[in-house]
Amino acid sequence: MENFRKVRSEEAPAGGGAEGGGPGSGPFADLAPGAVHMRVKEGSKIRNLMAFATASMAQPTTRAIVFSGCGRATTKTVTCAEILKRRLAGLHQVTRLRYRSVREVWQSLPPGPTPGQTPGEPAASLSVLKNVPGLAILLSKDALDPRQPGYQPPNPHPGPSSPPTAPTSKRSLGDPAAGEGSAKRSQPDPGASDNDGTA
């Protein structure tokens, strides 16, 4: 592929399977209309995603949230869901894995001048169909059907991971350790020494 450059990337039409669905349909068909859908991208900042998700779930009208991402954003999608589960106790989870078909169109780079080549010849193009994995995680305040695939019950003992502890024996680079030049030698003032002996 060193002699080609990517011209465009487009979503190929998906087949109508239980996991596939059309471009407008999500993986959760029975989702309440007030649910929040967070589309996680590769360049999304977790801090921004979590601020919006936490504020949305704090409202009593919001009962569910869906995090979805594909390709390189799948790990960030899982991270967002796990952080929210730690912040808000009692969330039921359903995870769905899907594959998106993406068609990439590549065009050959113009080669250097070669003898016998006619100028203005159209560049060769190459079309590649890729299946990109996608992940959708539903977190709900309401109980979900535990028999559906991908269900995880709420954590019975939620809580933050180990709380930060105060440093006990750490010191900064410039501070001396105990007994290491911490005591200052008292030096007499130049003017004070003259007054002490002449009274």
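For A58 and Q107, the difference between the fully extended length at 0.36 nm per residue and the C-alpha to C-alpha distance is 12.7 nm.
Pairs from the table (K6/K45; K6/K130; K45/K130; K45/K85) lying more than 20 angstrom apart at Cα are K6/K45; K45/K130. If the segment from R86 to E42 were pulled out straight at 0.36 nm per residue, it would be longer than the present Cα-Cα gap by 13.6 nm. Between A51 and V78, how high is the FRET efficiency from 1/(1 + (r/R0)^6) when r is the Cβ-Cβ distance and R₀ = 22 Å? Nearest 0.05. Given R0 = 22 Å and the Cβ-Cβ separation, E is 0.75. You can think of it this way: the chain between L97 and V128 has 8.9 nm of extra reach, that is 0.36 nm per residue less the Cα-Cα gap.
Readers should treat all values here as calculations from the given coordinates under stated rules, not as data from a laboratory. Everything numeric in this text was worked out from a predicted model, so none of it was measured. A quick note on method: Cβ atoms are made from the backbone with ideal geometry, for glycine too, and the neighbour counts reach across all protein chains shown.
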